[in-house]
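One structure is given here, and the rest of the page talks about it.
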Amino acid sequence: MSALNSLTLTAIPSEDEALRVPIRNFLAQTMKDVPAHVRARSWSGCDTNFSRELGRRGWLGLTLPKAYGGGGRKPFARYVLVEEFLNWGAPVGSHWVADRQSAPLILKYGTEAQKQYYIPPICRGESFFCIGMSEPNAGSDLASVRTRATRNEQGWLLNGQKIWTTNAHNCHYMIALVRTSGTADDRNRGLSQVIVDLNLPGVTVRPIRDQSGDAHFCEVFFENVQLSPDALIGAEGKGWEQVTAELAFERSGPERMYSSIVLFDEWLAFIRTEAGRTPESVRLAGRILAQIAPLRALCIAVTGKLAQGGSPVVEAALVKDLGTAVEQLIPAAIANDLYCRETQTVPVELLLTLNYVTQVAPSFSLRGGTRDILRGMIARGLGLR
């Protein structure tokens with residue numbers, strides 16, 4: 001049986017689906033005055049007060065054990081939560097990575113002391129993490145990372161550089177994939193993961209401004225950063241196995257299909273009006289929805305495998321690849337629809353939202369693994385290479 005044959009149509013359990021009502025009521029009040037072009041920045045929107053309020057309501061760490069401050073629920077509960085956050089365009093950037101993958105990684109591979117120290121403040125919305133995987137000149141080839149942690153009497157001495165560390169300037173920690181033995185020529189052998197306090201001496205975080213004007217894309221430099229012995233997470237030399245499991249969490253959720261959803265909703269509101277409705281726009285809406293619906297079903301099926309304790313790496317790669325294709329289709333197709341019209345009655349807020357999403361859309365098929373890398377993984381998973 002291939003990885004894809006193991007996927008079946010899955011329904012969200014009723015007890016998890018019931019979460020939508022309180023979440024929607026909260027977001028309807030919280031986001032009611034936020035314009036669409038700001039809500040479209042959901043991924044990169046950082047609001048520490050919002051994250052702490054989620055923690056207060058028990059909406060962070062939903063899938064983590066209650067012993068560490070979590071909700072003790074199945075992945076479906078978090079799926080419902082994330083789907084609503086993205087649909088409303090909530091500012092999730094502060095806690096996003098910590099809740100989605102850092103805490104589950106620590107739970108799976110960390111020591112008891114690490115679990116007790118790091119996970120409870122994540123669940124309270126007080127501790128934020130960024131991802132330390134990509135490096136300059138390495139691209140999506142994670143096995144070629146050169147950032148090195150060298151064992152010494154005090155623990156580990158860290159030197160190197162990471163890039164695409166989203167929101168690192170707003171985070172407290174980074175889980176970094178580093179080389180603890182061998183060289184880049186050894187590929188995935190000799191890699192480990194360490195937790196880095198970004199306030200340590202020798203750490204420099206530099207935000208990089210993108211074409212939309214945002215500056216959440218960061219590079220981080222490590223110059224003789226002294227880490228304690230317990231900075232190592234999991235077993236030394238097992239970083240490749242660990243980071244692969246971590247990427248399954250990063251790639252499998254609804255965030256890989258809803259990056260353009262605020263724009264889509266804003267456009268749907270326009271084409272529901274007499275001024276905006278055209279036969280062409282109605283057909284386009286159907287075309288997009290016809291792609292979102294089966295993709296959502298696939299995403300829920302992958303969540304079902306996570307709920308069963310699986311690590312659906314190949315399936316998650318497929319969700320990410322297909323999802324980003326739809327995310328990139330939406331701004332391109334909507335732009336074509338709007339700019340082919342003779343009328344000039346398009347709402348300004350819709351145009352502002354379209355402008356932002358169009359500028360960031362090229363990154364959708366890069367972040368979390370490039371399209372070519374993912375398709376190679378899928379091909380191997382299907383036995384095609």
Using alpha carbon centroids, what distance separates the range 48-87 and the range 255-300, in Å? 27
May I ask you to derive the relative contact order of the chain, considering only C-alpha pairs under 8 Å and at least 6 residues apart, and to give it as an integer percent? 18
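Could you calculate the contour length gain from Glu112 to Asp185, that is, 0.36 nm times the residue separation minus the distance between their Cα atoms, to one decimal place in nm?
Working: separation 73, 0.36 × 73 = 26.28 nm, distance 3.39 nm.
Extra length available between Glu112 and Asp185 comes to 22.9 nm.
Counting only protein heavy atoms and using a 1.4 Å probe, what share of the accessible area of the chain belongs to carbon plus sulfur, as a whole percent? Working shown, then result.
Working: 8760 of 16700 Å².
That fraction is 52 percent.
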Subset of Lys238/Lys305; Lys108/Lys320; Lys32/Lys162; Lys66/Lys162; Lys74/Lys115; Lys66/Lys305 violating a 30 Å alpha-carbon distance limit: Lys32/Lys162; Lys66/Lys162
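With both partners inside the chain, how many of the DSSP beta bridges are antiparallel, as a percent to the nearest 5? All intermediate terms of the calculation are to be shown ahead of the outcome.
On the way: 27 of 32 bridges.
Looking only at bridges with both residues in the chain, the antiparallel portion is about 85 percent.
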For the chain, any Cys whose C-beta has no other cysteine C-beta under 4.7 angstrom counts as unpaired, and these are Cys46, Cys123, Cys218, Cys299, Cys340
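Taking the Cα centre as origin and putting +1 on Lys and Arg beta-carbons and -1 on Asp and Glu beta-carbons, what dipole magnitude results for the range 53-150, to the nearest 20 debye? Intermediate results must be reported in sequence, preceding the final value.
Details: 12 positive and 8 negative charges, 66 e Å.
Dipole about the Cα centre, nearest 20: 320 debye.
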Could you give the nm distance between label points at Arg57 and Thr273, where each point is 7 Å from its Cα heading toward the beta carbon? 3.0
Degrees, to the nearest 10: 112-123 long Cα axis against longest axis of the chain: 20
Compare the Cα positions of Ser44, Pro201, Met133 along the charge dipole of the chain (+1 at Cβ of Lys, Arg; -1 at Cβ of Asp, Glu; about the Cα centre) and return the one farthest towards the positive end. Met133
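With a 10 Å radius around each residue's Cβ, average the other Cβ atoms per peptide and rank 228-235, 16-23, highest first.
On the way: 228-235: 17.6, 16-23: 15.4.
So the peptides 228-235, 16-23, ranked by packing, come out 228-235, 16-23.
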Calc'd 3J(HN,Hα), the range 176-186, phi into Karplus 6.51 cos²θ - 1.76 cosθ + 1.60 (θ = phi - 60°), Hz, glycine/Pro = x, comes to 10, 8, 9, 9, 10, 7, x, 10, 4, 5, 7
Can you list residues whose amide H is under 5 Å from Cys130's amide H, if they're 5+ apart or on another chain and H is modeled 1.01 Å from N? Tyr173, Met174, Ile175
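Would you kindly state how much longer the chain becomes between Lys66 and Leu382 on full extension, computed as 0.36 nm times their sequence separation minus their alpha carbon distance, in nm to one decimal? List each step's numbers first, then the result.
Values: separation 316, 0.36 × 316 = 113.76 nm, distance 3.76 nm.
My answer for the length gained is 110.0 nm.
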Name the residue from Gly276, Ala297, Leu338 whose Cα lies farthest towards the positive end of the charge dipole of the range 199-346, charges +1 on Cβ of Lys and Arg and -1 on Cβ of Asp and Glu. Gly276
Counting every Cα pair in the chain, what percent are over 35 Å apart? 25
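Count neighbours as other Cβ atoms within 10 Å of each site's Cβ, and list the GluC sites (Glu not before Pro) in the range 69-151 that are DSSP loop with at most 11 such neighbours.
Working: sites: Glu83, Glu84, Glu112, Glu126; in loops: Glu126.
Within the range 69-151, no GluC sites (Glu not before Pro) qualify (loop, at most 11 other Cβ atoms within 10 Å).
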³J(HN,Hα) across the range 275-292 via Karplus (A = 6.51, B = -1.76, C = 1.60, θ = phi - 60°), whole Hz, x for Gly/Pro? 6, x, 6, 9, x, 5, 5, 5, 5, 5, 4, x, 4, 5, 5, 5, 8, 5
Averaged over every viewing direction, what's the projected area of the C-alpha convex hull for the range 3-67? Give it in nm², one decimal, please. 7.4
Please work out the FRET efficiency for the pair Val348 and Ala297, using the Cβ-Cβ distance as r and a Förster radius of 30 Å; give the result to the nearest 0.05. 0.25
How much accessible area per residue does the chain have, counting only protein heavy atoms and a probe of 1.4 Å, in square angstrom? 43
Separation between the Leu200 and Arg341 pseudo-spin-labels, each 7 Å from Cα along Cα→Cβ, expressed in nm? 5.4
Counting only residues 5 or more apart in sequence or on a different chain, those whose built amide H sits under 5 Å from that of Ser259 are none
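Once the Cβ-Cβ distance between Leu289 and Gln29 is put in as r, and R0 is 25 Å, what FRET efficiency do you end up with, to the nearest 0.05?
About 0.35, to the nearest 0.05.
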Only Lys, Arg, Asp and Glu count, each charged at its Cβ (+1, +1, -1, -1), so figure out the dipole size of the chain about its Cα centre, rounded to 20 debye. 580
Rounded to the nearest 0.05, what FRET efficiency is calculated for Phe221 and Asn355 with R0 set to 41 Å and r the Cβ-Cβ distance? 0.80
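Could you work out how much longer the chain between Ala325 and Asp372 gets when fully extended? Use 0.36 nm per residue separation minus the Cα distance between them, nm to one decimal.
Between Ala325 and Asp372, full extension yields an extra 15.7 nm.
Let me make sure I get this right: for the range 52-165, a, b and c are the square roots of the gyration tensor eigenvalues over alpha carbons, sorted descending. Under 1.5 in a/c it's rounded, otherwise prolate if a/b > b/c, else oblate. Which is it?
Working: a/c = 2.45, a/b = 1.49, b/c = 1.64.
Since a/c reaches 1.5 but b/c is at least a/b, the shape of the range 52-165 is classed as oblate.
The values are calculated or read from the model by the stated rules, or taken from the named source; none is laboratory data. Predicted, not measured: the structure shown is a model, and the values here were computed from it. Don't worry about glycine lacking a Cβ; one is built from the backbone with ideal geometry, like all the others, and counts go over all protein chains shown. Surface areas here come from the heavy atoms of the whole protein model, side chains and all, with no ligands, DNA or RNA. Shrake-Rupley method; radii C 1.70, N 1.55, O 1.52, S 1.80 Å.
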